[in-house]
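First up is the structure itself, then whatever we jot down about it.
The values are calculated or read from the model by the stated rules, or taken from the named source; none is laboratory data. Predicted, not measured: the structure shown is a model, and the values here were computed from it. Note: ideal-geometry Cβ built from the backbone for every residue, glycine included; neighbour counts use all protein chains shown. In case anyone asks, the SASA skips ligands and DNA or RNA and just uses the protein heavy atoms, side chains included. Shrake-Rupley method; radii C 1.70, N 1.55, O 1.52, S 1.80 Å.
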Amino acid sequence: MWQPSATIKALRERAALIQSIRQFFIERDVLEVETPAFSAASVTDVHLHTFSTRFHHPLKPDAQTLYLQTSPEFAMKRLLCAGSGAIFQLSKAFRNEEGGRFHNPEFTMLEWYRPGFDHFALMNEVDALLQAVLSTEPADRMSYQEVFKTVLGIDPLTVGIEDLKSVCAEFGYADIAVGETDKDTLLQLLFSEQIEPKIGQARPVLVYHFLASQAALAKIDEQDPRVARRFEAYYKGIELANGFHELSDAQEQRSRFERDNQKRHVMGLPEMPIDAYFLEALESGLPDCAGVALGVDRLIMLALGASRISEVLAFDIDRA
Amino acid sequence: MANYSTNEFKAGLKIMLDGEPCNILENEYVKPGKGQAFNRVKIRKLISGKVLEKTFKSGDSVEGADVMDTDLAYLYTDGEFWHFMNNETFEQIAADEKAVGDTTKWLVENDECTITLWNGSPIAVTPPNFVELEITETDPGLKGDTAGTGGKPATLSTGAVVRVPLFVQTGEVIKVDTRSGEYVSRAQK
């Protein structure tokens with residue numbers, strides 16, 4: 001088990017692909033930045049589990065809890081608030097309780113922010129990046145609502161939870177559906193199991209306007225407040241990227257964090273400290289911008305036709 | 001019986017599903033970046049033999065199934081039951097037709113078979129990978145024609161029918177792979 005989980009040939013291709021990503025942003029005059037892997041606070045998202053550790057400062061009596069970032073989002077937005085302009089970062093992200101064919105608890109993330117862009121403009125740039133580094137055909141674009149209507153014949157915006165449960169039962173998910181009270185869980189189940197394998201096969205697809213209840217850190221759409229200005233990129237059954245027209249309202253951001261923590265409390269999950277530096281930065285003003293995070297290891301899997309993430313990592317978690 | 005959470009699911013774990021004991025074959029983790037995690041699990045139902053995929057919400061748990069495999073020697077059948085014996089304890093177990101199923105055609109006296117017990121009762125019998133059986137009937141075949149014909153059917157002492165090469169004759173004992181039902185060779189004397 002001392003040997004790498006990827007072949008040396010795969011690692012060479014990995015290096016070349018990362019080089020081409022850097023080139024893409026250098027040509028577009030986007031500044032490369034590095035932000036800390038440690039943070040005093042972390043995400044509140046109920047579906048993200050953080051790693052934490054204790055820092056013993058030689059000049060302080062008490063140890064401090066530090067979290068490993070699940071994405072560099074908060075720190076990069078602080079740079080935007082400080083006037084950085086367009087920035088990108090290639091960094092490690094860490095997510096506890098994730099592992100499998102497409103997951104490694106420590107993985108490489110490409111994240112970038114574009115002041116002056118909305119989510120549609122950034123979707124175009126994601127498309128351009130995929131064409132440049134993966135030589136894909138131009139991506140398709142479909143709203144979340146259209147995708148559900150086309151593939152499953154249901155409207156996710158109007159469907160009631162009881163109807164959604166019957167749809168789930170038809171696909172054999174009755175056991176999950178029966179006691180479920182959260183519509184989003186059922187939509188996510190149908191999306192993962194029934195939609196993702198059927199879309200974006202020949203060319204990538206950008207799915208936009210997720211439900212407002214799944215906004216994460218995206219702005220709510222003004223024309224249709226039922227949806228958020230959030231998009232995702234899928235290709236060959238793999239979720240590649242998640243982007244937002246970024247929420248800049250500090251008050252709204254704070255209440256989303258608090259709502260998450262209330263949900264955590266109900267679910268019996270630990271409540272997370274809210275990132276005060278991030279909220280202060282938002283209060284000082286985040287320029288109107290769009291940002292996106294893309295899983296680099298998965299991009300390399302697609303470039304190499306790999307079937308497991310371990311095939312593109314020097315050492316996967318089992319060999320770490 | 002203990003409950004098992006999705007993170008304990010691994011190949012070989014026996015769980016209850018729809019009132020039937022099942023064997024887990026594969027467990028795949030599925031999770032959208034922002035959203036609920038699921039486990040897509042491949043399962044074999046142990047009584048019907050059906051293989052299916054079942055999705056669980058990560059963290060959900062299911063009841064384990066009291067299923068164990070034991071190696072027992074085949075003794076005889078009385079027409080209704082097939083009798084097996086533990087060669088060390090001499091304890092005997094009788095399996096009914098439902099449990100034995102198609103395996104009857106591979107049962108050779110004294111061969112060790114794997115008996116799957118659910119709550120102590122046999123639900124499946126797996127024969128050894130290779131068995132030796134006598135041919136009771138096959139066409140004499142044509143002398144000299146040894147290749148490229150695909151052989152001929154031969155009926156074995158248990159009633160099983162396998163394709164054998166033309167040179168193999170009635171009364172000979174042959175070795176058969178029970179997993180594929182294919183002829184392997186003449187038995188070593």
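Some observations on this one:
- Reducing segment B:8-66 and segment A:1-71 to their Cα centroids gives an inter-centroid distance of 33 Å.
- Along segment B:37-51 the Karplus relation, 6.51 cos²θ - 1.76 cosθ + 1.60 evaluated at θ = phi - 60°, assigns HN-Hα couplings of 8, 10, 10, 9, 10, 9, 9, 10, 6, 7, 8, 7, x, 5, 9 Hz to successive residues, with x for each Gly and Pro.
- Considering only B:Phe38, A:Phe74, B:Gly64, the residue lying farthest towards the positive end of the dipole of the protein assembly as shown is A:Phe74, judged by Cα position with unit charges set on Cβ.
- B:Asp139 accessible area, 1.4 Å probe, all protein chains in place, Å² to nearest 10: 110 Å²
- Equivalent ellipsoid of segment B:39-189: semi-axes from √(5λ) of the C-alpha gyration tensor, largest first, are 36, 21, 12 Å.
- Residues in segment A:195-208 carry Karplus couplings, in order, of 9, 3, x, 10, 10, x, 7, 7, 8, x, 10, 9, 9, 10 Hz; the curve used is 6.51 cos²θ - 1.76 cosθ + 1.60 with θ = phi - 60°, and Gly or Pro positions show x.
- For B:Cys113, the amide hydrogen comes within under 5 Å of the amide hydrogens of B:Leu72, B:Ala73, B:Tyr74, counting only partners 5 or more places away or on other chains and with H modelled in the peptide plane.
- In Å, descending, principal axis extents of the Cα set of the protein assembly as shown: 93, 56, 52
- Ordered from highest to lowest accessible area with the whole protein assembly present and a 1.4 Å probe, B:Glu132, A:Glu180, A:Glu222 read as A:Glu222, B:Glu132, A:Glu180.
- Calculated FRET value between A:Asp62 and A:Asn96, using beta carbons and R₀ = 35 Å, to 0.05: 0.90
- Here the contact order of chain A, divided by its residue count and restricted to Cα pairs under 8 Å and six or more residues apart, works out to 25 percent.
- Placing +1 on the Cβ of every Lys and Arg and -1 on the Cβ of every Asp and Glu, with no other charges, gives chain B a dipole of roughly 1080 debye about its Cα centre.
- Of the residues A:Tyr113, A:Ala63, A:Thr44, the one whose Cα sits farthest toward the positive end of the charge dipole of segment A:26-172, with +1 on the Cβ of Lys and Arg and -1 on the Cβ of Asp and Glu, is A:Ala63.
- The dipole here belongs to the protein assembly as shown: it is taken about the Cα centre, uses +1 on the Cβ of Lys and Arg and -1 on the Cβ of Asp and Glu, and is about 1280 debye.
- Computed magnitude of the charge dipole of segment A:170-298 (debye, nearest 20; Cβ of K, R +1, Cβ of D, E -1): 320 debye
- Lysines with Cα under 18 Å of A:Lys92, excluding same-chain neighbours fewer than 8 positions away: A:Lys77, B:Lys34
- Think of it as helices only: each DSSP H run of n ≥ 4 in chain A is worth -39500 (n - 2.57), and spread over all residues that comes to -11000 deg cm²/dmol at 222 nm.
- Under a 5 Å amide H cut-off, with hydrogens placed 1.01 Å from N, A:Arg141 pairs with A:Leu206 among residues at least 5 apart or on other chains.
- Environment charge at A:Val33 (Cβ cut-off 12 Å; Lys +1, Arg +1, Asp -1, Glu -1): -1
- Carbon/sulfur fraction of accessible area - the protein assembly as shown, other protein chains in place, 1.4 Å, %: 49 percent
- 12 Å reach of a label modelled at A:Ser52, 7 Å along Cα-to-Cβ, counting backbone N of segment A:256-289: A:270-274
- Lysine pairs with alpha-carbon atoms under 15 Å apart, segment B:39-189, spacing 8 or more or separate chains: 9
- Mean partner shielding of peptide A:42-54, defined as the number of other chain Cβ atoms within 10 Å of each residue Cβ, is 1.
- Within-15-Å neighbourhood charge of B:Ser61 [Cβ basis; K, R +1; D, E -1]: 0
- Using the Cβ-Cβ distance between B:Thr158 and B:Asp69 with R0 set to 22 Å, the FRET efficiency works out to roughly 0.45.
- Cβ-based charge dipole, chain A, positive-most Cα from A:Phe191, A:Leu17, A:Tyr235: A:Leu17
- Relative contact order [Cα under 8 Å, 6+ residues apart], segment A:1-120, whole percent: 23 percent
- Scanning residues 5 or more positions from A:Leu247 or on other chains, those with amide H under 5 Å from its amide H are A:Ala218, A:Lys219, with H placed 1.01 Å from N in the peptide plane.
- R0 of 51 Å, Cβ-Cβ distance A:Ala15-B:Val184: FRET efficiency to nearest 0.05: 0.55
- Of the whole protein surface, A:Val205 contributes about 10 Å² of accessible area at a 1.4 Å probe radius.
- Among B:Thr126, B:Thr89, B:Thr170, the largest mean-square fluctuation in a Gaussian network model of chain B (Cα springs under 10 Å) belongs to B:Thr89.
- Pairwise label distance in nanometres, B:Arg44 with B:Asn129, each label 7 Å out on the Cα-Cβ vector: 1.4 nm
- Here the Karplus relation 6.51 cos²θ - 1.76 cosθ + 1.60, evaluated at θ = phi - 60°, turns the backbone of segment A:119-131 into coupling constants of 5, 5, 5, 6, 4, 4, 6, 4, 4, 4, 5, 4, 5 Hz, with x for every Gly and Pro.
- Accessible area of B:Ser157 in the full protein assembly, 1.4 Å probe (Å², nearest 10): 70 Å²
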